[in-house]
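Working notes, structure below.
The values are calculated or read from the model by the stated rules, or taken from the named source; none is laboratory data. Just so we're clear, the structure is a prediction, and the values are computed from it rather than from any experiment. Note that each Cβ is placed from the backbone with ideal geometry, even for glycine, and that neighbours are counted across all protein chains shown. Protein only, heavy atoms only, side chains kept; ligands, DNA and RNA dropped before computing areas. Shrake-Rupley method; radii C 1.70, N 1.55, O 1.52, S 1.80 Å.
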Amino acid sequence: MDFLIIFKNRFLVVLAGILLYGCIDPFDAVFVDFESAVVIEATITDEMKQQRIFISRSYEFEDDGPVAESNAVVSISDGTGNTFSFQDDGNGVYVSEQIFAAEPGREYQLSVITQDGRSYGSEVTEITPSTILDEIKAERITNDDGVDGMAILADSFDSSGNAKNYRYEYQETYRIIAPTWTPTSLVGEPGGGCALLKVPNTTDDEVCYRTDFSNRIIITSTEDLAEDRVSNFMVRFISRENYIISHRYSILVRQFVQSNEAFTFFETLNELSGSESLFSQTQPGFLQGNVFSNENEDERVLGFFDVSSVSEKRIFFNFDDFYPGEPLPPYIESCRFSSPPIASPAGCVLRPLIESGAGIYAGDNGEPSDGEGPFFVVPRVCGDCNVLGAPEVPEFWIE
């Protein structure tokens, strides 16, 4: 997750005055001329694992993306004398050197010293109450925009009424079947020239799997409800026309219980950014969280240190489970056949296309027309699913 925000129009400054009601305290957004700021994204959980922290630098609209902060000294203390050190894993990711889980009743605090010697800290934070994610289910619906598709819905209930604020992330994994894969491929004649040979296909795959991660803020609150119950909350909507549900699809949904402060931060961030992507450009402002410079109170530090309880569930479904007998969604590429000639007066045509990877064999052209060659080719993505995913079946996969 990335806290960098798009502010494409300066009139968005008025959103900084948004009033948030109930027992959730408001955050003030400060808007200034652009200056690179350290971005600290830290959520530790009650899962016994190597915890992760992300540190980067904000970036301007025209830049390619955030710059990873390398070689920082990162640690978390728990108020009882324990300190958990993190090591630089590359690309701004810092991983705890030992596995640990956040525990109730302990006060956690983050410390970061960047490679230029600047020191940053966080407010003391305790873990939120634990609430079980009761159910994740998939339903075919027509959404408010009139689009037919699959809704991924979450249910949970906290009888104590202490949780109230929830944030969700997901990992979706899906099977990809290359629609024009064949057991035969083309290779150039070893002696050179323009000729090609048909050989057994040992390089291209028909079936692959791909995992994508949620890239938006997904939050809900039961603060104004009669009970602390999340019912049919839509975590994800997938259009019926999206190829990712064409075959078998799985989604792992993670539910984080958040403090009022953390929830307000993410809610305000979501309103101010208006961006589908959390890894997005920042222009003239930032949202102050609970991380700060230990040396300069005027230095801008973007981010939040969150200590959350987590619950997760995974489901699987097939396209036929909800669309029996219906045609599959369109593939990501149209996969139109072409039949380039082997050569032209200017030189070889088909061999460079095959060897560059731009085209892939899809069959024989039994009756070539004028200007056509003896083979059909399609874009590589149509005959080799490696372009989109990997052939290894995930360990968690269930048929």
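Just a few scattered comments:
- Full-stretch length increase - Asn365, Phe316 - with 0.36 nm per residue and alpha-carbon distance subtracted: 13.7 nm
- The fraction of accessible area contributed by carbon and sulfur in region 288-358 is 51 percent, rounded to a whole number (1.4 Å probe; ligands and nucleic acids excluded).
- Relative contact order for region 331-376, counting Cα pairs under 8 Å that sit 6 or more residues apart, in percent: 42 percent
- Sum of -39500 (n - 2.57) over DSSP H runs of 4+, divided by residues of the chain (222 nm, nearest 500): -2000 deg cm²/dmol
- Proximal aspartates and glutamates to Lys313, defined as alpha-carbon separation beneath 13 angstrom and excluding residues fewer than eight positions away on the same chain: Asp134, Glu135, Asp155, Glu169, Glu172
- Gain on full extension, evaluated as 0.36 nm per residue between Asn162 and Ser70 minus their Cα-Cα distance, stands at 29.3 nm.
- Solvent-accessible surface of the chain, averaged per residue with a 1.4 angstrom probe and all protein chains in place: 48 square angstrom.
- Counting every pair of alpha carbons in region 303-399, the share spaced more than 15 Å apart comes to 75 percent.
- Selected from Asn215, Asn143, Asn290 as most flexible by GNM, with the chain as the system and alpha-carbon contacts under 10 Å: Asn143
- For Glu126, the residues whose modelled amide H falls within less than 5 Å of its own, excluding neighbours fewer than 5 places apart on the same chain, are Tyr108.
- Under 9 Å, Cβ to Cβ, from Pro104 - net charge with Lys/Arg +1 and Asp/Glu -1: -2
- Most mobile of Pro190, Pro345, Pro200 in a GNM of the chain (Cα contacts under 10 Å): Pro345
- Relative packing of peptides 250-262, 353-365 - highest average C-beta neighbours within 10 Å first: 250-262, 353-365
- Once C-alpha pairs closer than 8 Å and six or more residues apart are averaged by separation and normalised to the residue number of the chain, the relative contact order reads 23 percent.
- Under-5 Å amide H pairs with Arg248, H placed in peptide plane, nonlocal only: Arg175
- 3J(HN,Hα) along region 314-322, derived from phi through the Karplus expression 6.51 cos²θ - 1.76 cosθ + 1.60 where θ = phi - 60°, amounts to 10, 10, 10, 7, 9, 4, 5, 5, 10 Hz, with x in place of Gly and Pro.
- Ellipsoid semi-axes for the chain, based on the Cα gyration tensor and the rule √(5λ), read 47, 27, 21 Å when sorted largest first.
- Of all accessible heavy-atom area on region 175-264, the percent that carbon and sulfur account for (1.4 Å): 50 percent
- Here the relative contact order of region 132-190, from alpha carbon pairs under 8 Å that lie six or more residues apart, stands at 26 percent.
- Among residues other than Val147 with Cβ under 13 Å from its Cβ, the summed charge is -2 (Lys and Arg +1, Asp and Glu -1).
- Extending 7 Å from the Cα toward the beta-carbon at both Lys198 and Ile342 defines two label points whose distance is 1.4 nm.
- Approximate spin-label separation Trp397-Tyr331, in nm, with each point projected 7 Å along Cα-to-Cβ: 1.8 nm
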